[in-house]
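No value in this document is a laboratory result; all are computed from the given coordinates. Since this is a predicted model, take the numbers as computed values, not measurements. Neighbour counts run over all protein chains shown; Cβ positions are idealised from the backbone, glycine included.
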Amino acid sequence: MQKEKVEEKELDQNIEVNQEENTDQPVTENEESGAEAATAEEEPTELEKLSIELSEAKDKYLRLYSEFENFRRRTAKERIELIGSASKELIESLVPVLDDFERGLKSMEENEEMTPAKEGTELIYNKFKKILESKGLKKMEVNKGDDFNDDYHEAITQIPAEEELAGKIVDVVENGYFLSDKVVRFAKVVTGAKS
């Protein structure tokens, strides 16, 4: 590039000298073609311009396409999360009703006169439970003697217990539930403390 500029300066100087010496004489064809060649080397040809424009257009297209794909994926994911969160709120509000059914069934077991009512209540309970399970609700399996895990359990109290139950679950007061592998409600438990 510097070599081209030096040659161009020399050419311009020669032209000026020739013009000063021969102001009456026209510029020769060799001098004109040299000046045109110098400017032609600086400017890209029409084909080079078109190839540069094409590569820029391709790059712009690829960037726009990838941005659109990211947008499409993001909106689809947000839509799924929105639907999931709407059903989560509904299911969270229905979980206490499930607990009430379980308590009602336990109380009916003690009274033999309630057998027909118990059977009807069990039918409704099972149907209600299956509907919630089909929507992704899953009961947390918590048993006496399991290790306490604050990611899934909520300790409401501690009671003195044997050495082997210290720091472990002694009793389950209220069941916990998952919705699509996320905790909807923590299991309320009683833990054992060293006596």
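Summary table below
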{"read-out": "Charge dipole of segment 58-135 about the Cα centre (unit charges at C-beta), most positive-ward option of Ile83, Asn111, Phe68", "value": "Phe68"}
{"read-out": "Contact order normalised by residue count of segment 137-195, Cα under 8 Å, 6+ apart, percent", "value": "45"}
{"read-out": "Net charge dipole size for segment 137-195 [Lys, Arg +1 and Asp, Glu -1 on Cβ; Debye, nearest 20]", "value": "260"}
{"read-out": "Three-way shape label, segment 45-185, alpha-carbon gyration tensor, a/c 1.5", "value": "oblate"}
{"read-out": "When each of Lys118/Lys138; Lys127/Lys168; Lys118/Lys144; Lys144/Lys194; Lys130/Lys168 is checked by Cα-Cα distance, pairs over 22 Å", "value": "Lys118/Lys138; Lys127/Lys168; Lys118/Lys144; Lys130/Lys168"}
{"read-out": "Ranked Val173, Val142, criterion: other C-beta atoms within 10 Å, fewest first", "value": "Val173, Val142"}
{"read-out": "Cleavage-rule hits, trypsin sites (Lys or Arg not before Pro), segment 140-190, DSSP coil, Cβ neighbours within 10 Å at most 14", "value": "Lys144"}
{"read-out": "Built amide H within the under 5 Å cut-off of Val189, gap 5+", "value": "Glu154, Ala155, Ile156, Val173"}
